[in-house]
Amino acid sequence: GAVVSQHPSWVICKSGTSVKIECRSLDFQATTMFWYRQFPKQSLMLMATSNEGSKATYEQGVEKDKFLINHASLTLSTLTVTSAHPEDSSFYICSASLPRGSLAKNIQYFGAGTRLSVL
Amino acid sequence: EDQVTQSPEALRLQEGESSSLNCSYTVSGLRGLFWYRQDPGKGPEFLFTLYSAGEEKEKERLKATLTKKESFLHITAPKPEDSATYLCAVQLLGNQGGKLIFGQGTELSVKP
């Protein structure tokens, strides 16, 4: 149980284009999903918290217009990197937590990550 | 400022050589502490969650413990397949939607 799927696993794009990454909870409904960014040999940095049906909450220093997050259903959140540039190249990982009524509601389950390379 | 520090940054062990990884934290109020395992190019895999000082959790060769200031991940008789980066994260009281603050991780290498 508690499986999170992330797609694509790897994407290469040209500078100036936009890229969409999907995060799905496969066997549970996730009212809250999280988006992280990870640079090589570094830890996970939270970018934003996404709640179903409402606007995402972005961490300080994260550009809202650059990283568009949509959480339209209880099983799907998307991250769109708009007008990507080489400095946006990174490993992006999503996670989802179980609903509030669950005993394991505080645990975040992670997707496999998306490697983005911007040329 | 809420902070999580893991040590050592890297640890090399021989197969069967037991050791411990440390996670020290300074937070305004702890709701829970989490241990994850991350393999290269993959997302973190949940291992344990600890909520109160004195609590212990075990899974195969791994055992996690918690005090008021730190957590230890003990690895008993490790095998090469235990090689990975181990991440510690804290969740704060009164949070902020359940977000996690991660440490830098300990990269564990177990040689046969």
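The values are calculated or read from the model by the stated rules, or taken from the named source; none is laboratory data. Small disclaimer: the values here were computed from a predicted structure and weren't measured. In this analysis, Cβ positions are derived from the backbone assuming ideal geometry, glycine residues included, and neighbour counts consider all displayed protein chains.
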Problem - Failed item, numbered, when B:Glu55 is tested on (1) over 13 Å from the mean Cα position of the chain (by Cα); (2) more than 11 Å from every other protein chain (Cβ to nearest Cβ); (3) in contact (Cβ under 8 Å) with a residue 12 or more places away in the chain - result: (3)
Practice task
Looking only at segment A:61-76, decide whether some residue is within 30 Å of B:Gln6 (Cα to Cα), within 14 Å of chain B (Cβ to nearest Cβ) and in a strand (DSSP E or B).
Solution key: no
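Could you tell me how many of the residues in segment B:62-102 are small (Gly, Ala, Ser), surrounded by fewer than 22 Cβ atoms within 10 Å (Cβ to Cβ) and either away from every other protein chain (no Cβ under 14 Å) or within 9 Å of the chain's Cα centre (by Cα) (or both)?
Within segment B:62-102, the first condition is being small (Gly, Ala, Ser), and the residues that meet it are B:64, B:71, B:77, B:83-84, B:89, B:94, B:97-98.
With surrounded by fewer than 22 Cβ atoms within 10 Å (Cβ to Cβ) added as a condition, the list becomes B:77, B:83-84, B:94, B:97-98.
Those left that are additionally either away from every other protein chain (no Cβ under 14 Å) or within 9 Å of the chain's Cα centre (by Cα) (or both): B:77, B:83.
Number of matching residues: 2.
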Practice task
Mind counting the residues in segment A:38-51 that are within 9 Å of the chain's Cα centre (by Cα) and either under 14 Å from B:Gly103 (Cα atoms) or free of Cβ contacts under 8 Å to residues at least 12 places away in the same chain (or both)?
Solution key: 0
Fill in the blank from the handout: Note on segment B:2-51: residues under 16 Å from B:Lys99 (Cα atoms), away from chain A (no Cβ under 13 Å) and crowded, with 16+ Cβ neighbours inside 10 Å are B:Tyr25, B:Val27
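Quick check on segment A:75-95. Is at least one of its residues modelled with pLDDT under 90 and polar (S, T, N, Q)?
So in segment A:75-95, the residues modelled with pLDDT under 90 come out as none.
So far as segment A:75-95 goes, no, none of its residues is modelled with pLDDT under 90 and polar (S, T, N, Q).
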Exercise for the section: Check whether at least one residue in segment A:24-39 is on the phi > 0 side of the Ramachandran plot and exposed (fewer than 12 other Cβ atoms within 10 Å of the Cβ), and report yes or no. Expected result: no
